[in-house]
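Rule-based calculations on the coordinates, nothing more; no lab input. Predicted model, so just to flag it, every value in this text is computed and none were measured. As a convention, Cβ positions derive from the backbone with ideal geometry for all residues, glycine included, and neighbour counts pool all protein chains shown.
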Amino acid sequence: MSFQKYPAYKDSGVEWIGEIPVGWGIQPLKRLFSLKNGATPKSDKSDFWDGEITWITPADLNSERPETITHSKRYISAKGAESCAVSIVPENSIIISTRAPIGSLGLSGVPLCTNQGCRSLIPTKVILSNFFLYLLYSAVPELQILGKGTTFLELSSESLASFHVCFPPLPEQQAIASFLDRECGKIDALIAEQERLIALLAEKRQAVISHAVTKGLNPNAPMKDSGIPWIGMVPEGWEILSLNKVVRDFVDYRGVTPNKVESGIPLITASCIKHGRIDHSIDPVFITEEEYNRRMTRGFPREGDVILTTEAPLGEVAIVEDELISPGQRMILFKLDEKMSNFYMRAYYLSDIGRQELRSRASGSTASGIRADRLRASAIPVPPLNEQKEICAYINRKTSAFESLEQQIRYELDLLKERRAALISAAVTGKIDVRAQSKALAA
């Protein structure tokens with residue numbers, strides 16, 4: 001779809017906005033909105049919560065697509081709101097997270113309160129909040145630059161109040177917002193479809209792995225009961241063994257708090273283990289060589305060892321590829337017996353069946369974790385070694401096809417999101433004139 005430009009433009013004086021149509025203005029947010037800070041009661045008294053007022057934190061706001069807020073995970077009472085002098089924000093106000101992360105947005109569809117991680121923009125002029133919601137969405141990178149702080153970045157009230165935005169006449173605000181509601185709705189429907197495809201691929205991938213590591217590849221193989229409900233029937237030639245029968249050495253790195261430095265030996269934290277691989281770039285922290293030598297007295301990682309997270313999260317698994325790493329807290333290294341394939345063990349713990357086995361032996365209410373003795377006793381179906389290798393080759397072939405298709409879908413998904421962001425930015429800063437499209441629909 002091609003769009004016309006406005007007949008004439010002028011310099012906005014704001015670098016990120018650039019030129020704006022003649023007839024538009026530039027205003028700081030404080031000229032258009034009253035800013036209200038959030039707060040949280042200092043105590044957690046029972047009569048402060050489970051009230052009738054919607055309570056919003058940054059986690060309730062959407063960084064991908066701002067939405068109208070009508071409910072939340074938690075509600076505060078009038079007494080709780082009064083205890084911390086937090087304002088009740090009226091409907092049609094813009095809610096923005098100003099820390100962790102800066103720039104998630106929402107539009108109040110009901111009166112609500114926020115915690116200190118959010119600020120509220122309450123209109124003081126006759127303006128269309130939905131237009132400014134789109135405008136602030138396009139301005140998030142600029143707002144993030146304004147964040148300051150050492151422990152975490154925060155966008156101050158002063159910086160937000162002084163932030164300059166486009167100010168078109170009200171009819172144009174309405175035309176632009178209507179246009180974006182319609183066009184972004186179309187793009188969002190396509191995005192939702194792509195995300196459904198990714199979810200379906202994940203389900204198929206999981207089904208392939210779970211079936212292969214519990215039922216094998218021969219559909220005509222005689223079966224026997226494993227004795228474990230979530231494993232079910234397994235081929236007769238398989239054994240159900242505890243981990244201590246297939247792992248010759250458990251190297252437990254838990255309980256040792258590392259001192260992190262800017263460079264040195266890569267420290268592998270639990271968050272670095274995702275999708276069966278170690279990805280140090282997720283959390284690039286390091287320890288000194290001296291500390292590495294002290295920590296590794298428990299056992300050095302060797303290529304091919306299996307590493308498993310035991311808490312927060314439980315059950316993420318990977319195979320060691322680079323030996324010069326230091327496993328962090330909440331993980332155990334397996335040095336396997338010769339009857340056990342490391343790729344098969346990884347596949348088992350990537351499956352829902354393997355994860356269920358770990359969860360059945362875990363404990364803890366807030367963060368599920370597994371004790372070393374319970375982990376050693378946990379069960380794993382063990383086919384003959386040559387069959388393990390065949391199963392792993394089969395899983396690799398099938399999942400590689402899924403991964404290739406998922407990469408293509410994610411590429412298309414990124415293009416759709418870029419297109420939506422570019423369309424919003426062009427419309428709210430006047431780079432395209434959408435009034436004709438809005439009039440045509442209204443006719």
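Work out the FRET efficiency for residue 158 and residue 2 from their Cβ-Cβ distance, taking R0 = 51 Å, and round it to the nearest 0.05.
0.80
When ranked by the protection proxy of mean other Cβ atoms within 10 Å per residue, highest first, what sequence do the peptides 85-94, 153-162 form?
85-94, 153-162
Just want the answer: with Cβ charges of +1 for Lys and Arg and -1 for Asp and Glu, which residue in 25, 139, 350 is farthest toward the dipole's positive end in the chain?
Comparing the listed Cα positions along the dipole, 25 ranks first.
What is the order of 50, 352, fewest Cβ neighbours within 10 Å to most?
Final ranking by Cβ density, sparse to dense: 50, 352.
Classify segment 114-164 as rounded, prolate or oblate, taking a ≥ b ≥ c as the square roots of the eigenvalues of its Cα gyration tensor: rounded when a/c is under 1.5, otherwise prolate if a/b is larger than b/c and oblate if not.
In terms of gyration-tensor shape, prolate.
Give the peptides 206-212, 414-420 in descending order of average Cβ contacts within 10 Å, highest first.
Those peptides, ordered most packed to least, come out 206-212, 414-420.
Between rounded, prolate and oblate, where does segment 70-129 land on the alpha carbon gyration tensor, with a ≥ b ≥ c its root eigenvalues, rounded for a/c under 1.5, else prolate if a/b exceeds b/c?
The shape class here is oblate.
Whole Å is fine, so just give me how far the alpha carbon centre of segment 285-308 lies from that of segment 323-387.
Distance between centres, Cα-based: 19 Å.
Once Rg and Dmax of the Cα atoms in Å is worked out from the coordinates, which option in [x] 23.4, 71; [y] 21.2, 69; [z] 27.7, 80 does it equal?
Answer by label: [z].
Give me the distance between the Cα centres of segment 123-171 and segment 221-259, rounded to whole Å.
So the two Cα centres are separated by 54 Å.
What does the helix-only formula give at 222 nm for the chain: each DSSP H stretch with n ≥ 4 adding -39500 (n - 2.57), the total divided by the residues, and the result rounded to the nearest 500 deg cm²/dmol?
Counting only the DSSP helices, I get -11500 deg cm²/dmol.
Under the rule a/c < 1.5 gives rounded, and otherwise a/b versus b/c splits prolate from oblate, where does segment 302-343 land using the Cα gyration tensor?
Oblate shape, in that a/c is at least 1.5 and b/c is the bigger or equal ratio.
For residue 341, what is the net charge nearby, where nearby means another residue's Cβ is under 12 Å from its Cβ and Lys, Arg count +1, Asp, Glu -1?
The answer is -1.
Hey, in the GNM for the chain with a 10 angstrom Cα cutoff, which one of 390, 403, 82 fluctuates hardest?
Fluctuation is largest for 82.
Considering the options 162, 340, 78, tell which one lies farthest towards the positive end of the dipole of the chain, charges being +1 on Lys and Arg and -1 on Asp and Glu at the Cβ, about the Cα centre.
78
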